[in-house]
């Protein structure tokens, strides 16, 4: 069966190839026009542990802002994360923090633990349809990581925390903004994530969902829930098998 791509010309997908038949691909994937990928711990392995660096930077930012010690900063950081979904949101509400200054500081990290991935680049190149990164981080952070992986040219857009008005996944209205801004038909879209809770709004909109599993305790909640349609512990291998036999297109995605 051939995938259909009905999107505005400005958002045209980079490849018109079709995915294989339903028997190999699985329900909800063979008609996909748009692939929405989380960034951290999804496009690269969680074992790279970039978030440990971000976590330390958040604590240092809070300690300096409030002139408190590291232990108290850590307590506030985690409290805001629990209450508001991100530490940033709590800092904006309670301390009128400039979000761009915060994002620049906490994402000034070393991305070299992420290894270039030619296999991921090839699999994304064969994957028909648009590819969008949807991240709770900043676009600059996404660009740095994607450049390190060697996949920047395979993506059409980044939808970051700034585009979401600093509201994080899994706030449902953020998904609505994403869909409207990029002219996405949810019933012809696939979302790939490492946190099951972030897949629930996508499922409720009609998207197919893919969970990239890893061993972290904090990532286990909801991993076996009904809104998780497909799972893998190796995104590169999964995408490579999914696109097996498809020709690599001459050009990749077009970032906007």
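For the range 50-106, the alpha carbon positions stretch 22, 22, 21 Å along the principal axes, listed from largest to smallest. Note on 47, 87: ascending count of other Cβ atoms within 10 Å places them as 47, 87, the fewest first.
Mind sorting 229, 214 by how few other Cβ atoms lie within 10 Å of their own Cβ, fewest first? All intermediate terms of the calculation are to be shown ahead of the outcome.
Numbers: 229 19, 214 15.
Sorted ascending by nearby Cβ count, the order is 214, 229.
What order do you get for 125-134, 71-80 when each peptide is scored by the mean count of other beta carbon atoms within 10 Å, highest first?
125-134, 71-80
What order do you get for 92, 207, 146 when you list them from fewest to most C-beta neighbours inside 10 Å?
Details: 92 17, 207 26, 146 23.
Lowest to highest Cβ neighbour count: 92, 146, 207.
Values in this text are rule-based calculations from the coordinates and carry no lab data. Please read these numbers as outputs of a predicted model, since none were measured by experiment. When we count neighbours, we look across all protein chains shown, and the Cβ atoms used for this are built from the backbone with ideal geometry, even at glycine.
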